[in-house]
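Structure first, commentary second.
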C-alpha cells in the first residue's frame, strides 16, 4: 500500500486509529450529545469589547487625559459629536440654536437628555477656528456623558438628543460621528454580515471539496465536521472570553470562522485523500479508515498543536488587545483538532466507498505526470534553478514589506454610505479631518497659565508644524470661557486643542503627532514655557502608543512563534537543519505577502496604511499554518526517507501529497478570502494578505521551493540524524513516468 505501512507508524497511532474506527457509532453519538450540551450551557455570544482594549498598558496618553480631567474638573475631549453642515452656509439662527442647546443642557432646562451632562458647540467661524477650510458652513456639538456610560448608551443618547433638539429644517443635521459611533457602526456591520460570511464560507469550501473528490458525499462529511468544530469553537471561546480582561476583540469572530472552517476542511482533505488511496489499493472500508487515521491522524495532531501553540505565543504581548488573540485562536484550533481527529475517521469508517459517490476510487490518472515532475525536481540543476527563482521572486516582493504603515482608523474604515463616515466627512470638509478626534496638549507648572501671551505664542508655533490644521488656544475664546476651560483658576495648568489635517487615527496623523511630540521641548522653550511639563492626550496619541506597542509586540511574538514552531518541527522530524530551512521558507513567504499588501493597498489603492493588527494576525497565522503544511508534506517525505534516499522519497511522496496540499491551500485561501464580504477595510486587508499568503505557501513554497531545497541538501537535511538519503545516489531522470 502506498499511503501506509506498519513500519511507518507508531503503536500509539495504530491503537488510537483502532479505537476511533471500532467505536465509530459511539463517537458520532457522543459528539451529538456534546454539541447539544454546548448549546445549552455555553454562551452563544459575548459582550462587546470597548476602546479600552486597544490602549497599551500604562498609556501615557490616557494618564494625561485623566490628569487633565482632574485638574480642570471635567474632560475637554469627546468621542461623540453631532454634525450640522450646509455647504451654502448655515443660517445665523441655526448657529445660535447650537449654542442655546448647549446652554440649556448646562442649566438642566433641556428636558430629559439621559446620560448627557454637557454639549460643547463649535462652528467654523473666523473668530473661533481660523484654520477652517470653510466659513460658517459647519457646526459641531461635542457630547459628554456621565462616567460609566456604555458606548451604546452614549450613542443612543446623542441620537435621541439630535432627534429632539436638532430638528429644524435649517439645522441641516448630518449625523453622529466620532470614535465611539464609528466603532459601534463597525460592530453592527460585522454582526450584520456574520451569517452571510458563515454561509458563503461553507458553500465555497464544500464546493472545493466536491470538485477535489468529484463526490457529493465527501463534502457532506467535511461540512458536518467543519460545522461542528465551528459551533464548538464559538461556544468555548465565548465562555473563555469571560475570563479575558476587556473581553475578546470583535475582530476575532470572523477570523475564528475563517480559521476553523479552513483548517478543518484542510484536515478533511488530508484524511479523505489517504482514505481514497487505501480504497484504491484494495482495502475494505474499515481497514482503509484505520490506515488513514493512523497516518494522517498523527500529522493532524502535530499540525494542529503547531497552529494552536503558535497562536498561544501571542500571550507574550504586552497589549491586552493582542493578548486576547492568543487564547481565543488557540482554543478555537484545539476544538477543531479534537473534532477532526475523532469525527472524520469515524464517518469515513461508516461511509466507506460511498464517501466518493458517484465517482469510484480508482488509480489517479494524473499521478504518473506528477511523479515525472517530482523526479525532474530532484535533479540538482533543476532544483537549483527553480529554488533560486522562487527565492529571488519572493525576496523581491518582500522588499516592500518594510514600507507598510500602521493605523487605527475607525470612521475611515467604514463604507462611504455609513452614517458615521458621512458625518465625519462633513465635519472634515468644514474644518479639517482631525476635528473628529482632536488632540489635547496639557501643560503643567507653576503659573503656566498666567501668561496668555506665552500660550498664544505656543499655539502659533504649533500651528506652523507640519500636519497641524489648527490650534484652539486661549486667544481664540472669550476670557469667561478660557477661565476654567483652557486655564485653571490658579494658573497651574493649561490645555490647548490641536487639530490634525489627516484622519486622526491614520498613519500620517500618527507620524505628524510623533514629530510634534519630539519637537515639544524646543517649542516650549521658544514660547518661554521651558519649565512646563507637557503631555498629549486623545485618540491620535493613544493610536501612536498602540502602533509603537504593536511593533514591539510583533517582534516578541514573531520570535516566540518561530521558536514554538521550530521546536515542534524538530521534535516531529527529529532533525535540526530541515526545521530551520522550513521556517526560513515560511518567513520568506510571509514577507512576500506583506510586501504585496503594501503594493496593493498603499500604492495601488492609495490608502495611508493598514489596520494595526492585520500584519500582526497575518504573521502569527501564516507562520503557524506554514508549519501545518510542512508537517503534512515533509512528514510524508521524511517517513519514506527512512527506507530509501531523500531524492527517491521526494519523487515518491511529493506527487501523493501535492494534490491534497494544493486543494487544502486553495480551500484555506478561499476561507480567508471570504472575509472580504465584510465591508470594512481591515477585513478586506486581512482577506487579501491571508488568502495570498496561504496560496504562496501551498503553491510555491511547499510545491516547489521546499522539495527543491530538500533535493539539494539530500540526507544532510536530517542532521544530526542519518537517513539513507545521506548516501548520494546517481543523479538521473528516470525514463519511466510510472510508479
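The values are calculated or read from the model by the stated rules, or taken from the named source; none is laboratory data. From a predicted model like this one, the values you see are computed outputs, not experimental measurements. Backbone-built Cβ (ideal geometry, glycine too); neighbour counts: all protein chains shown.
General observations
- Any pair with Cβ under 6 angstrom, 6 or more apart, that starts in region 643-669 at a residue that is touching a residue at least 40 places away in the same chain (Cβ under 8 Å) and ends at one that is not in a helix (DSSP H, G or I): 645/729; 647/378; 650/378; 651/378
- Which listed residue is modelled with pLDDT under 95 and touching a strand residue (DSSP E or B) at 6+ places or on another chain (Cβ under 6 Å), from 46, 64: 64
- So residue 211, is it surrounded by fewer than 21 Cβ atoms within 10 Å (Cβ to Cβ), part of a helix (DSSP H, G or I) and assigned by TED's automatic domain parsing to the domain that holds residue 630: yes
- In region 469-585, counting only helices (runs of 4 or more DSSP H) that sit wholly within it, the ones holding 1 or more residues that are surrounded by fewer than 22 Cβ atoms within 10 Å (Cβ to Cβ) and modelled with pLDDT of 85 or more span 507-527, 539-573.
- Subset of region 72-94 (residues that are part of a helix (DSSP H, G or I), modelled with pLDDT under 90 and surrounded by fewer than 18 Cβ atoms within 10 Å (Cβ to Cβ)): none
- Test result for residue 512, outside the structural domain of residue 609 (by TED's automatic domain parsing) and more than 30 Å from residue 591 (Cβ to Cβ): no
- Tally of residues being assigned to a helix (DSSP H, G or I) and closer than 16 Å to residue 175 by Cβ across region 418-460: 14
- In region 675-709, the residues that are surrounded by fewer than 22 Cβ atoms within 10 Å (Cβ to Cβ) and not in a helix (DSSP H, G or I): 679
- Meets criteria (at pLDDT below 90, part of a loop (DSSP other than H, G, I, E, B) and in contact with a strand residue (DSSP E or B) (Cβ under 7 Å, 6 or more places away or on another chain)) for residue 131: yes
- Residues located in region 102-128, provided they are assigned to a helix (DSSP H, G or I) and touching a strand residue (DSSP E or B) at 6+ places or on another chain (Cβ under 6 Å): 102, 105
- Qualifying residue in region 287-302 (condition: in contact with a helix residue (DSSP H, G or I) (Cβ under 6 Å, 6 or more places away or on another chain), under 23 Å from residue 546 (Cβ atoms), surrounded by fewer than 24 Cβ atoms within 10 Å (Cβ to Cβ) and assigned by TED's automatic domain parsing to the domain that holds residue 677): no
- Test result for residue 620, buried (at least 24 other Cβ atoms within 10 Å of the Cβ) and in contact with a strand residue (DSSP E or B) (Cβ under 8 Å, 6 or more places away or on another chain): no
- Considering only residues in region 354-371 that are modelled with pLDDT under 80 and part of a helix (DSSP H, G or I), the one that is farthest from the chain's Cα centre (by Cα) turns out to be 368.
- Within the set 272, 331, 343, the sole residue that is touching a helix residue (DSSP H, G or I) at 6+ places or on another chain (Cβ under 6 Å), surrounded by fewer than 23 Cβ atoms within 10 Å (Cβ to Cβ) and assigned to a helix (DSSP H, G or I) turns out to be 331.
- If you check 609, 595, 635 for being closer than 21 Å to residue 702 by Cβ and at pLDDT 80 or above, only one passes: 595.
- Which listed residue is touching a strand residue (DSSP E or B) at 6+ places or on another chain (Cβ under 7 Å), within 26 Å of residue 320 (Cα to Cα) and surrounded by 24 or more Cβ atoms within 10 Å (Cβ to Cβ), from 612, 672: 612
- Test result for residue 378, at pLDDT below 85 and surrounded by 17 or more Cβ atoms within 10 Å (Cβ to Cβ): yes
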